[in-house]
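Here the structure comes first, spelled out in structure tokens, and everything after it is commentary.
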Amino acid sequence: MKFKTIPLVLIILLSFFSICLALSVKQPDFSGKFYPAEKDKLAEILDSLLEKAVVNPLSGEVLVLISPHAGYGYSGQTAAYGYKLIKGKPYKTVIILGTSHRKFFNGAVVYPKGAFETGLGLLNVDEEFVAKLINKEPDILADESAFNGEHSVEVQLPFLQRVLSDFKIVPLVIGDCSLENCKKIASLIKGAAAGRKDVLIVVSSDLYHGYDFKEADQIDSLSLEFIKKMDYEGLYYSLREAKAQACGGFAIVVALNIAKEIGFDQVEILNHTNSAVVTGETSGGQWTVGYASIAIYNPEGGRMLNSQQRKKLLKIARSSINAYLQSGKKVELTETDQVLTQEMGAFVTLNKHGDLRGCIGSLTASKPLYLTVRDMAVEAAVGDPRFSPLTLTELKDIEIEISVLSPLKMVDSAERIELGKHGVLVRKGYQSGVFLPQVATETGWNKEEFLNNLCAHKAGLPQDAWKDESTELYIFNAEVFSEKEG
């Protein structure tokens with residue numbers, strides 16, 4: 001029997017079509033309506049809008065953008081201010097909080113898998129992130145149908161494609177919500193993003209809707225005042241009473257809750273206008289919609305944990321040490337907090353009358369954070385080889401400090417290290433050593449002294465090994481807090 005050789009081109013085509021069939025692709029509904037369908041024209045209008053938007057850089061990390069979602073001829077210029085601000089930033093996951101204009105439901109729905117298509121190409125859904133949302137509670141459900149004929153998410157995508165690269169999206173549409181629903185949705189998103197610094201939240205929302213040009217400014221001023229104060233509860237109830245207006249208002253409430261909880265509390269109104277001003281029809285009697293571009297950021301990069309979560313971890317550390325010193329066994333713990341159950345690395349440091357009494361940690365995330373803290377607290381008390389095991393009578397004199405760590409990031413040069421901000425892991429072959437960020441602050445070392453000591457005294461390497469191209473350097477951030485902070 002003879003077999004015919006299948007041409008290589010046919011094999012490639014068959015492979016391509018099979019991939020396309022396997023991938024669920026959401027086709028655009030508003031291409032050619034709200035924005036140009038053709039790739040070149042779409043890119044041209046985006047570049048023009050971005051070029052006209054003049055923004056001053058903010059000193060810090062942006063977590064949230066609030067962006068309007070009308071056709072580009074109306075709100076595109078306002079939206080461009082926010083996207084100009086984040087252009088080129090290294091975000092890997094963008095959560096888009098839209099609103100439902102066509103389908104009624106309670107809570108939130110997420111597009112679970114596949115990709116969205118625009119004239120600029122495909123944007124893949126971050127399916128791993130989505131799985132963390134829908135496997136927890138019923139407040140966020142998977143439902144592709146909610147995105148059919150819905151423009152609030154879609155109009156943000158081309159802007160994102162033009163200013164960012166190598167990222168995935170989490171498309172969410174918010175329906176009717178109680179305040180508790182909003183808080184629960186915020187908690188789920190915050191938990192899924194815990195420990196990451198490469199997540200952006202885009203809230204898709206217009207503001208005032210009505211026929212009174214003067215009223216538009218008055219009501220938008222009220223809505224914007226709630227946002228500037230980060231008063232998500234005030235905004236929620238004002239929306240319910242129809243005093244404030246925003247078609248994506250509950251999405252804004254969710255985003256404000258997330259940002260405030262993790263320390264992103266600086267608000268910058270980048271641009272505010274309305275459709276009457278854009279079209280020049282300000283005489284009154286025309287349908288008017290308010291547009292605003294707003295950034296929520298923190299000059300110091302925000303916090304992974306709120307004050308309650310910090311206190312809980314410190315309590316876990318102390319009670320774990322106490323239980324172990326009395327029984328020789330680790331205490332059994334359960335935890336429901338979405339952040340504390342995320343896998344994150346952590347160090348626990350024990351100080352006695354200002355002097356180090358033990359410090360042990362885990363750089364990599366292999367357990368939920370609350371269990372990592374439990375285990376590292378016990379190890380710092382009885383397993384640090386530099387010190388004799390802690391005794392129960394000493395415990396009252398011990399001050400506990402916890403450092404919660406972001407994921408390790410390999411850098412190609414020591415120039416990328418910022419003293420006091422970054423902890424550093426040095427590794428060459430089987431030898432490695434680590435310094436937490438606070439070491440530089442406590443010792444006053446410059447960068448060369450910091451790295452020399454890290455190599456020589458922690459990794460057992462020649463002190464200048466960090467200059468060797470075969471030596472690997474990793475950086476990480478640490479959120480440090482202790483019992484002395486109250």
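We did not get these values from a lab; they are worked out from the coordinates using the rules stated. Predicted, not measured: the structure shown is a model, and the values here were computed from it. Ideal geometry is used to build each Cβ from the backbone, glycine not excepted, and the neighbour counts take in all protein chains shown.
Could you list Lys229, Lys428 in order of exposure, starting from the residue whose Cβ has the fewest other Cβ atoms within 10 Å? Don't jump to the answer; show the numbers that get you there.
Details: Lys229 13, Lys428 19.
Starting with the residue having the fewest Cβ neighbours, the order is Lys229, Lys428.
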How high is the relative contact order of region 230-348, given as a whole-number percent (alpha carbon pairs under 8 Å, six or more residues apart)? 19
Would you mind putting 264-270, 462-468 in packing order, based on average other-beta-carbon counts within 10 Å, highest first? 264-270, 462-468
What shape does region 306-354 have by the C-alpha gyration tensor, where a ≥ b ≥ c are the square roots of the eigenvalues, rounded means a/c under 1.5, and otherwise prolate means a/b greater than b/c and oblate the rest? oblate
How many percent of DSSP beta bridges within the chain run antiparallel, rounded to 5? 70
Is the C-alpha gyration tensor of region 22-298 telling us rounded, prolate or oblate? Criteria: a/c under 1.5 is rounded; beyond that, a/b larger than b/c is prolate, otherwise oblate. rounded
Specify which labelled value, from (i) 156; (ii) 213; (iii) 328, agrees with volume of the Cα convex hull per residue in Å³ derived from the coordinates of the model shown. (ii)
Which order do the peptides 280-289, 37-46, 218-227 take when ranked by the mean count of other beta-carbon atoms within 10 Å per residue, highest first? 218-227, 37-46, 280-289
Kindly write out, for region 440-453 in residue order, the coupling ³J(HN,Hα) from the Karplus curve 6.51 cos²θ - 1.76 cosθ + 1.60 (θ = phi - 60°), rounded to whole Hz, with x marking Gly and Pro. 5, 5, 6, 8, x, 5, 7, 5, 5, 5, 4, 6, 4, 5
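At 222 nm, what value in deg cm²/dmol follows for the chain if DSSP H runs of at least 4 each add -39500 (n - 2.57) and the sum is divided by all its residues, to the nearest 500?
Numbers: 15 runs with 167 residues, N = 486.
Rounded to the nearest 500, the figure is -10500 deg cm²/dmol.
Which whole-number percentage describes the relative contact order of region 349-477, with Cα contacts under 8 Å and a sequence gap of 6 or more?
Details: 188 pairs, mean separation 30.6, N = 129.
Once normalised by length, the contact order is 24 percent.
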Take each of the peptides 415-422, 83-90, 71-78, average the number of other beta-carbon atoms within 10 Å over its residues, and list them starting from the highest. 71-78, 83-90, 415-422
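Remind me, relative contact order of the chain in percent, using alpha carbon pairs under 8 angstrom and six or more residues apart? Don't jump to the answer; show the numbers that get you there.
Working: 971 pairs, mean separation 65.0, N = 486.
Result for the chain is 13 percent.
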